[in-house]
Amino acid sequence: MHFSSKKIDCQSYDKYSKRENPFTVVEYIFNYFDSNDKKFIDECIKEGKKLSIKVNPNAANLSSTSRTSTKVFINSVAGILAEKTWLHFLSQIKIDAKSTIYDNPKNQIDIYLTELKKTIEIRSSFPRNGVEFALCHPKYQFDIIGPYKNDYKSNEFKKDYYGRVLYPFSVYSFWKTLKSNNLKVYLTGGATWKMMGDNNISIKKDLIPEDIYNIELVNKKSQYLVIPFSKALDMQDMTKELKK
């Protein structure tokens with residue numbers, strides 16, 4: 001895998017962008033024809049299949065499942081890949097972390113920071129118009145996705161941080177690109193729990209997350225606390241936050 005930091009100047013992308021400062025992302029490029037990358041991606045597919053069966057037992061036989069079940073499977077693979085890519089990044093900045101055990105369909109994929117004793121919830125999306133569009137568009141910018149409406153009223157589901165990954169493809173194009181020599185994965189910052197609770201930064205938004213693991217919520221709009229990318233921490237800020 002190859003990874004590097006990149007700065008995206010939203011004002012150059014669109015002068016009406018609400019993001020005033022450049023946004024630092026970390027771009028990962030995987031080459032399935034490299035033996036190490038192949039092992040990494042194959043493990044994500046294997047774990048994603050196990051996860052999708054936990055989410056929806058009907059997904060066990062992929063050849064005969066519905067479109068929804070197939071999408072859940074692909075989203076599960078994308079979620080595992082997002083998690084493992086974040087874990088790799090954290091290791092590079094010398095932060096000890098590990099995956100949490102998925103035991104509840106209401107939960108997203110989490111990373112546990114072992115020394116800090118804090119959690120990061122990782123969410124991924126597929127902006128088919130590209131990462132610059134998702135970060136910078138004045139009207140259709142994407143968000144850091146926080147807790148579901150029933151969760152943000154309680155500390156039971158409180159996460160310390162919310163991390164983000166973007167794939168510059170549609171869901172099905174992602175699947176076709178997974179075993180290519182040019183799979184791009186973008187780590188795009190995040191937010192803290194305190195930011196989610198700040199009404200000047202976060203908003204309540206009805207949306208259909210693409211990486212939802214609660215089968216009852218697939219294809220259904222639900223209300224979440226979110227922070228638009230224009231107000232979010234980029235990867236440079238997120239790194240500083242995690243290293244405090």
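Each reported figure results from applying straightforward, stated rules to the coordinates on display, with no laboratory input. From a predicted model like this one, the values you see are computed outputs, not experimental measurements. Note: ideal-geometry Cβ built from the backbone for every residue, glycine included; neighbour counts use all protein chains shown.
Under a Cβ-only charge scheme (Lys and Arg +1, Asp and Glu -1), can you give me the dipole magnitude of segment 2-242 about the Cα centre, in debye to the nearest 20?
Values: 37 positive and 28 negative charges, 97 e Å.
Rounded to the nearest 20 debye, it is 460 debye.
Of 54, 84, the sequence from fewest to most neighbouring Cβ atoms within 10 angstrom is 54, 84. Computed from label points 7 Å out along Cα-Cβ, the spacing between residue 205 and residue 54 is 2.7 nm. Across 211, 110, 14, mean-square fluctuation computed from a Gaussian network of the chain (C-alpha pairs under 10 Å connected) peaks at 14. Placing pseudo-labels 7 Å out from each Cα toward the beta carbon at residue 114 and residue 6 gives an inter-label distance of 3.2 nm. Across 122, 144, 29, mean-square fluctuation computed from a Gaussian network of the chain (C-alpha pairs under 10 Å connected) peaks at 29.
By the Cβ distance rule (another cysteine Cβ under 4.7 Å), the unpaired cysteines of the chain are 44. A straight chain from residue 46 to residue 184 at 0.36 nm per residue would run longer than the Cα-Cα distance by 47.7 nm. For the listed peptides 31-39, 231-239, a ranking on the average number of other beta carbons within 10 Å per residue, highest first, reads 231-239, 31-39. Site pair residue 194 and residue 176 shows an inter-label distance of 4.6 nm when each label is modelled 7 Å from Cα along Cα→Cβ. Based on the alpha-carbon gyration tensor of the chain and its eigenvalue square roots a ≥ b ≥ c, which shape applies: rounded if a/c is under 1.5, prolate if not and a/b is larger than b/c, or oblate? It is rounded, given that a/c, with a ≥ b ≥ c, falls under 1.5.
Choose one of 120, 166, 183: the residue whose Cα lies farthest towards the positive end of the charge dipole of segment 107-207 (beta-carbon charges +1 Lys, Arg; -1 Asp, Glu; about the Cα centre). Ranked along the dipole, the leading option is 183.
Taking each residue as 0.36 nm, the span from residue 18 to residue 241 lengthens on full extension beyond its C-alpha to C-alpha distance by 78.0 nm.
With each run of n ≥ 4 DSSP H residues scored as -39500 (n - 2.57), what mean residue ellipticity at 222 nm is computed for the chain after dividing by its residue count and rounding to the nearest 500 deg cm²/dmol? Could the numbers behind the result be given before it?
Working: 7 runs with 76 residues, N = 244.
About -9500 deg cm²/dmol.
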